[in-house]
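The values are calculated or read from the model by the stated rules, or taken from the named source; none is laboratory data. Just so it is clear, the structure is predicted and the values come from calculations on it, not from any experiment. As a convention, Cβ positions derive from the backbone with ideal geometry for all residues, glycine included, and neighbour counts pool all protein chains shown. Each accessible area value is taken on the protein alone, full model and side chains, heavy atoms only, with ligands, DNA and RNA left out. Shrake-Rupley method; radii C 1.70, N 1.55, O 1.52, S 1.80 Å.
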Amino acid sequence: MITLEIPTDKKVYFTSDHHFGAPTREKSLPREALFLKWLNAIEKDAGALFIVGDLFDFWFEYKKVVPKGFVRILGKLAQMRDNGLPIYFFVGNHDLWMEDYFESELDIPVFHEPKVFKIFDKTVFIGHGDGLGPGDKGYKRMKKVFTNRFSKWLFRWLHPDIGVRLAEYLSVKNKLISGDDDAKYLGEENEWLILYANKKVNEQFADYFIFGHRHLPMTLPLKNNQNALYINLGDWIQYFTFGVLTSSGFQLCSYSHQNLSEVFLPKSNRDV
């Protein structure tokens, strides 16, 4: 368990499933700009920031190359971290090939498995959620292949221009990777992350079980322990939701995006 000492006048923020770069680089830019606006807004009262997976729609670290783009986001995270804000990154199914770039360049710890934190005297279980619980067997098989050292070694032999383009295409088109099937609520008895949390709470109590991956913002008391809360953070594609934990409790919030198209205009469309 990792204990965070957060001042009671500060807030801990949770965000996930941004999928920046999708469906195309150009169409992603307004959402990236909105996320930057949100980061600027929370900076004044943030005591910690958790990015709970799928920040990028695709990420792969060659030994000397990382995917092009996302400079403003990476720069902002670096600036927040340099100013002393603790930031924690959990890999998702789209950025599961994250290795040490965030840690070495941004000083942001990267977690490949769920972790338990102690925050404001609350026990918080955090993970992206992919591959947890019953079901999702097709993805679980695919994840074993993708995370295999030999598979990653083979992929590195592709030229980055080819490898990244191929992976970006599959990330959008392959439903096992894209998560398109995750957009519909299946009912509490069929939601495998809820089933996972209900089982886990019997083994290891947590006040909050916080996940991403499902793209469905929700909070739900667990049947096996009504004092424990299942939380899904939603996404920054349709809902633009995020979590806020304070000394008073947890809230799921939505960031206004009514003028999303006006947040960012490509340089060629700006007034000169």
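The residue that is nearest to the chain's Cα centre (by Cα), counting only those in segment 1-40 that are open to solvent by 10 Å² or more (accessible area, probe 1.4 Å) and closer than 14 Å to residue 243 by Cα, is 13.
For residues that are open to solvent by 50 Å² or more (accessible area, probe 1.4 Å) and aliphatic (A, V, I, L, M), tally how many sit in segment 71-128. Qualifying residue count for the region: 1. Only one entry in 129, 84 is in contact with a His (Cβ under 8 Å, 6 or more places away or on another chain) and either modelled with pLDDT of 95 or more or at positive phi (or both), namely 129. Taking first residues from segment 101-124 that are closer than 20 Å to residue 84 by Cβ and partners that are open to solvent by 50 Å² or more (accessible area, probe 1.4 Å) and of a type in the set (Phe, Trp, Tyr), the Cβ contacts under 9 Å between residues at least 6 apart in sequence or on separate chains come to 110/101. Taking the conditions (1) open to solvent by less than 40 Å² (accessible area, probe 1.4 Å); (2) touching a strand residue (DSSP E or B) at 6+ places or on another chain (Cβ under 6 Å) in turn, residue 249 satisfies each one other than (2).
Please find, among 203, 191, the residue that is open to solvent by 40 Å² or more (accessible area, probe 1.4 Å) and either of a type outside the set (S, T, N, Q) or at pLDDT below 80 (or both).
Values: 191 fails: open to solvent by 40 Å² or more (accessible area, probe 1.4 Å).
Being open to solvent by 40 Å² or more (accessible area, probe 1.4 Å) and either of a type outside the set (S, T, N, Q) or at pLDDT below 80 (or both) holds for just one of 203, 191, which is 203.
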